[in-house]
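Undergrad: To start, I am sharing the structure in question, which I have written as structure tokens.
The values are calculated or read from the model by the stated rules, or taken from the named source; none is laboratory data. Since this is a predicted model, take the numbers as computed values, not measurements. Glycine also receives a Cβ, built like all others from the backbone with ideal geometry; neighbour counts cover every protein chain displayed. Side chains included, ligands, DNA and RNA excluded: accessible areas come from the protein's heavy atoms. Shrake-Rupley method; radii C 1.70, N 1.55, O 1.52, S 1.80 Å.
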Amino acid sequence: MKILVINGPNINMLGIREKDIYGEGTYQSLIEFIKNVCDQNDIDVDFFQSNHEGAIIDEIQRAYGKYDGIVINPAAYTHTSVAILDALKAVDIKTVEVHLSNIYEREEFRHNSFVSAACVKTYMGKGFEGYKEAIIFLKNM
Ligand code: DQA
């Protein structure tokens, strides 16, 4: 099984940004955490992080036919991007949405996720653990 983990804008700033919300762990430690989960579950994993909406869409399009699943934290684009939703629908790869924080317990503008409509499941408010649960969910599908 081969999966792609996509992280959106400012996820590369983990460990620096709003630690009270996102915790102390860095983006690099998130990658190590996910690699470890994938090693233990015999899953091949690739990673992509970008602060640019179009780059994320390009990567989703590149994923067409190459992956069995996508785990995506679109970060702020969650709440704004019909284009990322459309890209996920276009490639039709089983996708799980992850948020480190619980977006429903935060500002109202974070309550809507456009991307959810293209995802089989969403995990939120579980920190790094949410990525693990997303990967295990894809594996068990
Ligand atoms: C986030 C939640 C978003 O609202 C926010 O813009 C992020 C991160 C999360 O992982 O909790 O950048 O997706």
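Undergrad: Scan the range 94-102 and give yes if some residue there is crowded, with 19+ Cβ neighbours inside 10 Å and in contact with a Gly (Cβ under 6 Å, 6 or more places away or on another chain), otherwise no. First the steps, then the outcome.
TA: Kept after step one, since they are crowded, with 19+ Cβ neighbours inside 10 Å, are these residues of the range 94-102: 95-100.
Checking which are in contact with a Gly (Cβ under 6 Å, 6 or more places away or on another chain) leaves us with 98, 100.
The answer is yes, given that some residue of the range 94-102 is crowded, with 19+ Cβ neighbours inside 10 Å and in contact with a Gly (Cβ under 6 Å, 6 or more places away or on another chain).
Undergrad: Could you check the range 58-93 and list, in sequence order, the residues that are of a type outside the set (A, V, I, L, M), open to solvent by less than 70 Å² (accessible area, probe 1.4 Å) and more than 9 Å from the ligand (Cβ to nearest atom)? Working first, answer last.
TA: First, the residues of the range 58-93 that are of a type outside the set (A, V, I, L, M): 58-59, 61-62, 64-69, 73-74, 77-81, 86, 89, 92.
Keeping just the survivors that are open to solvent by less than 70 Å² (accessible area, probe 1.4 Å) gives 59, 67, 69, 73-74, 77-79, 81.
Within the range 58-93, GLU59, TYR67, GLY69, SER81 meet the criteria.
Undergrad: I've got another one for you. I need the full set of residues from the range 34-52 which are open to solvent by less than 60 Å² (accessible area, probe 1.4 Å) and in contact with a Phe, Trp or Tyr (Cβ under 9 Å, 6 or more places away or on another chain), in order please.
TA: The answer is ILE34, VAL37, ASP46, GLN49.
Undergrad: Here's something else I'd like to know. Hey, could you check the range 1-21 for residues that are under 14 Å from the mean Cα position of the chain (by Cα) and not hydrophobic (A, V, I, L, M, F, W, C) and say which is farthest from the ligand (Cβ to nearest atom)?
TA: If we take residues in the range 1-21 being under 14 Å from the mean Cα position of the chain (by Cα) and not hydrophobic (A, V, I, L, M, F, W, C), then ASN12 is farthest from the ligand (Cβ to nearest atom).
Undergrad: Which pairs do you get when a residue that is outside any helix (DSSP H, G or I), found in the range 16-30, comes within reach of a residue that is within 10 Å of the ligand (Cβ to nearest atom) and open to solvent by 50 Å² or more (accessible area, probe 1.4 Å), reach meaning Cβ atoms under 8 angstrom, with the pair 6+ apart or on two chains?
TA: Every condition considered, the pairs that remain are ARG17/ASN10.
Undergrad: Is it the case that some residue within the range 33-45 is part of a loop (DSSP other than H, G, I, E, B) and of a type outside the set (A, V, I, L, M)? Full working, then the answer.
TA: Here is the first cut: in the range 33-45, the residues part of a loop (DSSP other than H, G, I, E, B) are 41-43.
Those still in the list that are of a type outside the set (A, V, I, L, M) too: 41-42.
Yes: the range 33-45 contains one or more residues that are part of a loop (DSSP other than H, G, I, E, B) and of a type outside the set (A, V, I, L, M).
Undergrad: Another one. Exactly one of (1) more than 14 Å from the ligand (Cβ to nearest atom); (2) surrounded by 14 or more Cβ atoms within 10 Å (Cβ to Cβ) is unmet by TYR27. Its number?
TA: Evaluating TYR27 over (1) more than 14 Å from the ligand (Cβ to nearest atom); (2) surrounded by 14 or more Cβ atoms within 10 Å (Cβ to Cβ) leaves (1) as the failure.
Undergrad: On to the next question. Test GLU105 against the criterion of being open to solvent by less than 40 Å² (accessible area, probe 1.4 Å), charged (D, E, K, R) and modelled with pLDDT of 95 or more, and give yes or no.
TA: On the way: open to solvent by less than 40 Å² (accessible area, probe 1.4 Å): no; charged (D, E, K, R): yes; modelled with pLDDT of 95 or more: yes.
Spelling it out, it is not the case that GLU105 is open to solvent by less than 40 Å² (accessible area, probe 1.4 Å), charged (D, E, K, R) and modelled with pLDDT of 95 or more.
Undergrad: Of all residues in the range 96-141, how many are within 20 Å of ILE34 (Cβ to Cβ), small (Gly, Ala, Ser) and without any contact (Cβ under 8 Å) to a residue 60 or more places away in the chain?
TA: Summing the residues that are within 20 Å of ILE34 (Cβ to Cβ), small (Gly, Ala, Ser) and without any contact (Cβ under 8 Å) to a residue 60 or more places away in the chain in the range 96-141 gives 2.
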